[in-house]
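Engineer: One structure is given below, represented as C-alpha cells, and several questions about it will come after.
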Amino acid sequence: MTATLPLTAASALDALDALESESIHIFREVAGEFDRPVILFSGGKDSTLLVHLAVKAFAPAPVPFPLLHVDTGHNYPEVIDFRDRLVARLGLRLEVAHVQEWIDDGRLVERADGTRNPLQTTPLLDSITDHRFDAVFGGGRRDEERARAKERILSLRDAFGRWDPRSQRPELWNLYNGRHAPGEHVRVFPISNWTELDVWRYIQREEIELPSIYFAHQREVFRRDGMWLAEGPWGGPRGAEALELRSVRYRTVGDGSCTGAVESTATTLDEVIAEVTASRLTERGATRADDRLSEAAMEDRKREGYF
C-alpha cells in the first residue's frame, strides 16, 4: 500500500498566497531584527506592491517605518501625483531625496546625455547615512535582470554602500542573516521570488491602485534605439527623430530620459496580464535604456550602491 504524503501548509496555498506569505514573513522578520528600516518607494507597481504587503504585515497597526523616494526630477507627473495620494491615504511618512539638490550644491554633475538614473546612487547612500537606516526594502525581483538574479533576499552592503556578489550569505529554510557591522546596512528584497506576471495577477486579486501610465493611453513619443520615449524636461527628439501620437503604456516607471513605453491597447488588468503572458522580453530589457549600456550595466551600478 502506497503511503500518502501529508500536505504541507505551503502546498495547500495557491501560488500567490505562498508568495504573499513569504513576503509578509520577511517584513516581520526585518521589523523585529533591525532598528531603522525604510521602504524605497517610487510610485511604480513593485514599490506599490511592497507598501501593500507592509500594510498587510502590520495591520491593524500602522506601517512602522517610513518611505524613501530618490526623486530624479525627471518623473512622469501621473506617478508623482499617485505617490502623494497613496502616502496621504495611508498616513505614511515620506522622505524625498531630490537629485536636483545634489546637482545644485555641486555634489553631483549633470550628465551630458541628460539621464539622471545613474545619479540616484549618491543621494540614496547619503540619505541612508543621514537617517541611519539599517535595512532598506527594495522592489527588485530576480526575473528582471541578471545582476538582480544574483541577489539574496537580505543583501549586505558595506560601509560605503557597495555590493559584492561574491560575499552573499546562504539563505536556507527561510532563515535570514541580518548581522552587520556599524556603518553597514542590508538591502531587503521581499518580492525577489515574484515574477512580473505574479505581480500583475496579485494586483488584480487585491484590487491595488496603480498610476494610470501602466495602462494604454495616447501619448506623443519618438523612436530611439528601438524604444518609444516621451518628450520632457530631460529632452526630446533629436535629428531625424519626430514625435508621433501612439497608443502606449509603461511596463516600468523611472527616469523619463531612459524609460521607454511599449505600444499597447491594454486598458484593463485582464488585457495587461494577457500581454505580459505573451511577452518574451523582461520589462527592463524592453523599456530601460540604461540597462543597455553594457552587458554588466546593472551589476556595475549595484556594486557602487544602486538599488
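Engineer: Over the chain, what is the relative contact order in whole percent, taking alpha-carbon pairs under 8 Å and six or more residues apart?
Structural biologist: Over the chain, the number comes to 19 percent.
Engineer: Expressed as a whole number of Å, what is the distance separating the alpha-carbon centroids of segment 50-67 and segment 227-275?
Structural biologist: Each part's Cα centre sits 32 Å from the other's.
Engineer: Say we join alpha carbon atoms closer than 10 Å with springs in a Gaussian network model of the chain; which of Arg238, Arg205, Arg169 then has the biggest fluctuation?
Structural biologist: For the chain, modelled as a Gaussian network with Cα springs under 10 Å, the answer is Arg238.
Engineer: Hey, got the dipole for segment 151-242? About the Cα centre, +1 on K and R Cβ, -1 on D and E Cβ, debye to the nearest 20?
Structural biologist: Rounded to the nearest 20 debye, it is 340 debye.
Engineer: List the chymotrypsin sites (Phe, Trp or Tyr not before Pro) within segment 87-164 that DSSP assigns to loop and that have no more than 16 neighbouring Cβ atoms inside 10 Å.
Structural biologist: Phe160
Engineer: Counting Lys and Arg as +1 and Asp and Glu as -1, each charge on the Cβ, what is the dipole of the chain about the Cα centre in debye, to the nearest 20?
Structural biologist: 480 debye
Engineer: Using only alpha-carbon positions, what ratio does the radius of gyration of segment 159-216 give when scaled by 2.2 N^0.38 Å?
Structural biologist: 1.63
Engineer: Largest first, please: the extent of the C-alpha atoms of segment 99-223 along each principal axis, to the nearest Å.
Structural biologist: 50, 45, 26
Engineer: Now for a separate question. Over the chain, with a Gaussian network built from C-alpha contacts below 10 Å, which listed residue (Ala31, Ala135, Ala59) shows the highest mean-square fluctuation?
Structural biologist: Highest fluctuation of the listed residues: Ala59.
Engineer: Here's something else I'd like to know. Please report, to two decimal places, log10 I(q)/I(0) for the chain at q = 0.07 Å⁻¹ as given by the Debye formula with identical point scatterers on the Cα atoms and no solvent.
Structural biologist: Once normalised to I(0) and log-transformed, intensities are -0.28.
Engineer: Taking all protein chains in place and a 1.4 Å probe, what share, in percent, of the accessible surface of segment 54-124 do carbon and sulfur account for?
Structural biologist: Here carbon and sulfur together make up 54 percent of the probe-accessible area.
Engineer: Could I ask something else about it? Can you run phi through the Karplus equation (6.51, -1.76, 1.60; θ = phi - 60°) for segment 159-168 and list ³J(HN,Hα) in whole Hz, with x for Gly and Pro?
Structural biologist: Couplings: 5, 9, x, 8, 10, 10, x, 7, 10, 5 Hz.
Engineer: Name the residue from Tyr250, Leu172, Gly139 whose Cα lies farthest towards the positive end of the charge dipole of segment 139-264, charges +1 on Cβ of Lys and Arg and -1 on Cβ of Asp and Glu.
Structural biologist: The Cα lying farthest towards the positive end belongs to Leu172.
Engineer: Check Val70: other-chain or 5+ apart residues with amide H under 5 Å from its amide H, H built from backbone geometry?
Structural biologist: Answer set, sorted by chain and number: Phe41, Ala97.
Engineer: Work out how much length Ala274 to Glu101 would gain on full extension: take 0.36 nm times their residue separation and subtract the Cα-Cα distance, in nm to one decimal.
Structural biologist: My answer for the length gained is 58.1 nm.
Engineer: Let me ask something additional. Over segment 1-157, with the other protein chains present, what is the accessible area per residue in square angstrom, probe 1.4 angstrom?
Structural biologist: 47 Å²
Engineer: If you don't mind, another one. Any idea which of Ser279, Thr129, Pro182 is furthest toward the positive side of the dipole for the chain, if Lys and Arg beta-carbons carry +1 and Asp and Glu beta-carbons -1?
Structural biologist: Pro182
Engineer: I would also like to ask the following. Tell me what the chain gives for mean residue ellipticity at 222 nm when only DSSP H runs of n ≥ 4 count, each as -39,500 (n - 2.57), the sum divided by the residue total, rounded to 500 deg cm²/dmol.
Structural biologist: Taken over the chain, the calculation gives -10000 deg cm²/dmol.
Engineer: Apply the Karplus curve 6.51 cos²θ - 1.76 cosθ + 1.60, θ = phi - 60°, to the phi angles in segment 271-276 and return the couplings in whole Hz, x for Gly and Pro.
Structural biologist: Karplus values, whole Hz, x for Gly and Pro: 5, 5, 4, 4, 5, 5.
Engineer: Just to be sure I understand: with springs between alpha-carbon atoms less than 10 Å apart, which residue in His131, His69, His98 has the highest mean-square fluctuation in the Gaussian network model of the chain?
Structural biologist: So, out of His131, His69, His98, the one fluctuating most is His131.
Engineer: Name all residues of segment 220-235 having a backbone nitrogen under 20 Å from the label point set 7 Å from the Cα of Leu94 along its Cα→Cβ direction, giving them as ranges.
Structural biologist: 233
Engineer: Can you tell me the length gained on complete extension of the stretch Gln218 to Thr267, counting 0.36 nm per residue apart and subtracting the Cα distance?
Structural biologist: My answer for the length gained is 16.5 nm.
Engineer: Still on this structure: Alpha carbon centre of segment 15-46 versus segment 139-208: separation in Å?
Structural biologist: 10 Å
The values are calculated or read from the model by the stated rules, or taken from the named source; none is laboratory data. Owing to the predicted nature of the structure, the values given are computational and were not obtained by experimental measurement. Neighbour counts are summed over all protein chains in view; Cβ atoms, including those assigned to glycine, are modelled from backbone coordinates with ideal geometry. Surface areas here come from the heavy atoms of the whole protein model, side chains and all, with no ligands, DNA or RNA. Shrake-Rupley method; radii C 1.70, N 1.55, O 1.52, S 1.80 Å.
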